[in-house]
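Since the structure comes first, as structure tokens, the remarks are kept for the end.
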Amino acid sequence: MKIPVSLGAESYPVIVEPGILARAGEYMALDRRVLVVTDDGVPGEYTAAVAGACRQARVCTLRAGERSKSMENYGALLREMLALGMGRGDCVVAVGGGMAGDLAGFAAATYMRGVDFYNVPTTLLAQVDSSVGGKTAIDLDGVKNAVGAFYQPKAVLIDTETLRSLPRRQIAAGLAESVKIAMTSDAGLLADIESSGDLMGDLPDVIARSLALKAQVVEQDPTEKGLRRVLNFGHTLGHAIESYGGGELLHGECVALGMVPMCAPALRQRLKGILHKCGLAAEIDLPAERLRPYLIHDKKAQADTITVVEVEQPGTFRMEARTPEELLRRWEEART
């Protein structure tokens, strides 16, 4: 299946196909110097399939986890690119989850003012969310995605066979992003996730539908000036939880927790049931005060408010400017 992301000169395809990694060279222009960025949780054969299709490749393997999205690793990748003799005609390929994609994409965006970037997401979370839209970033002083750029890939390759190697926790974290976009934009997808008798078997359909929804949003608002903020549902509180936890919780787990306070009280129990079905916690013993410092530094904050996404009914949303205090009160209300 090919899902086009239509952005004029920056358009690119998202190709979803089992076994596509074995044919990586057919879909990416790799007859050049290539920096392949991965992490130590990714099976070696995935990276080898990409590196083997390159004329000249250097593989950089980082430690898995959010903490690797650092200024130090960003600098290390740039030095590797220099050492490889890469020029503006060469490229970077990320093979792994969101961390690898964010970091490698930012390095590609900034090395020699930009070289080609390809993304090969191997986690469900990255496949349904961060692989599309061109957001690249690193964390700074504990603040998630504090430094970054919008930089679209040349193509995204999604091999659904890679999901077989994922632990259940990673699958659950990815489903959180599908629930997120279904809550705001597709009540039918939400109902199908809720009623599924075989979520693992239904994953290819969930991935394709989630990607199609995100592509539609990104096409209308590529640099998050308006509509694209809908993709931040659950992320304001979720990012605060993630930053406070220092990487102990996965991104999708934090988004799941962050969605619950941002939907109508009458909808919360249904959402909690769906999250539990996906293998996600819907509650955590974390006092609001612990989140305050991270809300204050949220990159979406303007003056004394943060624009957040709220859901009254599945498939609908509204954007509201809320103060950190209002968000902290909602967090506490949802915990009771």
TODO: Could you check how much of the accessible area of the chain is carbon and sulfur, as a whole percent, using a 1.4 Å probe?
DONE: 51
Task: segment 234-310, dipole about Cα centre (Lys/Arg Cβ +1, Asp/Glu Cβ -1), debye to the nearest 20 - done: 260
Open item on the list: Under a Cβ-only charge scheme (Lys and Arg +1, Asp and Glu -1), can you give me the dipole magnitude of segment 101-193 about the Cα centre, in debye to the nearest 20?
Closed with: 100
TODO: Let me know the shape class of segment 50-171, please: from the alpha-carbon gyration tensor, a ≥ b ≥ c as square roots of the eigenvalues, rounded when a/c is under 1.5, otherwise prolate if a/b is greater than b/c, or oblate.
DONE: oblate
Open item on the list: With a 1.4 Å probe and all protein chains kept in place, how do Arg88, Arg23 rank by accessible area, largest first?
Closed with: Arg88, Arg23
Task: Degrees, to the nearest 10: 324-335 long Cα axis against longest axis of the chain - done: 70
- [ ] Taking the chain as the reference, fit the longest principal axis to its C-alpha atoms, fit the long axis of helix 71-83 to the helix C-alpha atoms, and give the angle between the two in degrees, 0 to 90, nearest 10.
- [x] 20
Task: Cα centroid separation, segment 262-336 to segment 174-226 (Å) - done: 19
Task: Given charges at Cβ of Lys, Arg, Asp, Glu: the chain dipole, positive-most of Val206, Ser185, Ala9 - done: Ala9
Task: Using alpha-carbon coordinates, inclination of helix 265-277 to the longest axis of the chain, degrees - done: 40
Task: Shape call, segment 196-336: gyration tensor on alpha carbons, a/c limit 1.5 - done: oblate
Task: Residue-count net charge about Val95 - beta-carbon cut-off 11 Å; Lys, Arg +1, Asp, Glu -1 - done: -3
Task: Average accessible area per residue (Å²) across the chain - probe 1.4 Å, nucleic acids and ligands excluded - done: 41
- [ ] Calculate the tail of P(r) for segment 1-68: the fraction of all Cα-Cα distances greater than 16 Å, expressed in %.
- [x] 58
Task: Per-residue [θ]222 nm for the chain (sum of -39500 (n - 2.57) over DSSP H runs n ≥ 4, rounded to 500) - done: -12500 deg cm²/dmol
TODO: Could you give me the radius of gyration and the Dmax of the chain, taking only the C-alpha atoms into account and expressing both in angstrom?
DONE: 19.1, 58
Open item on the list: Below 21 Å, Cα to Cα, which lysines can Lys144 reach? Residues fewer than 8 away in the same chain don't count.
Closed with: Lys69, Lys135, Lys180, Lys225, Lys299, Lys300
TODO: Keeping every protein chain in place, order Arg228, Arg270 by accessible area at 1.4 Å, biggest value first, i.e. largest first.
DONE: Arg270, Arg228
TODO: Would you please classify the overall shape of segment 103-153 from the alpha carbon gyration tensor, given that a ≥ b ≥ c denote the square roots of the eigenvalues, rounded means a/c under 1.5, and beyond that prolate means a/b larger than b/c while oblate covers the rest?
DONE: oblate
Task: Length released on extending from Asp221 to Glu248, taking residue separation times 0.36 nm less the Cα-Cα span - done: 6.5 nm
- [ ] Give the accessible area for Lys154 in Å² (nearest 10); use a 1.4 Å probe, count only protein heavy atoms, and leave out ligands, DNA and RNA.
- [x] 100
- [ ] Could you give the size of the charge dipole of the chain about its Cα centre, using +1 on the Cβ of each K and R and -1 on the Cβ of each D and E, expressed in debye and rounded to the nearest 20?
- [x] 500
TODO: Could you please report the charge total around Leu30, scoring K, R as +1 and D, E as -1 over all other residues with beta-carbon less than 13 angstrom from its beta-carbon?
DONE: +2
Open item on the list: Just to verify a number: what accessible area does Ser185 come out at with the full protein assembly present, 1.4 Å probe, Å² rounded to tens?
Closed with: 50
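The values are calculated or read from the model by the stated rules, or taken from the named source; none is laboratory data. Computed from a predicted structure; not experimentally measured. Every residue, glycine among them, receives a Cβ derived from its backbone with ideal geometry; neighbour counts consider all protein chains shown. In case anyone asks, the SASA skips ligands and DNA or RNA and just uses the protein heavy atoms, side chains included. Shrake-Rupley method; radii C 1.70, N 1.55, O 1.52, S 1.80 Å.
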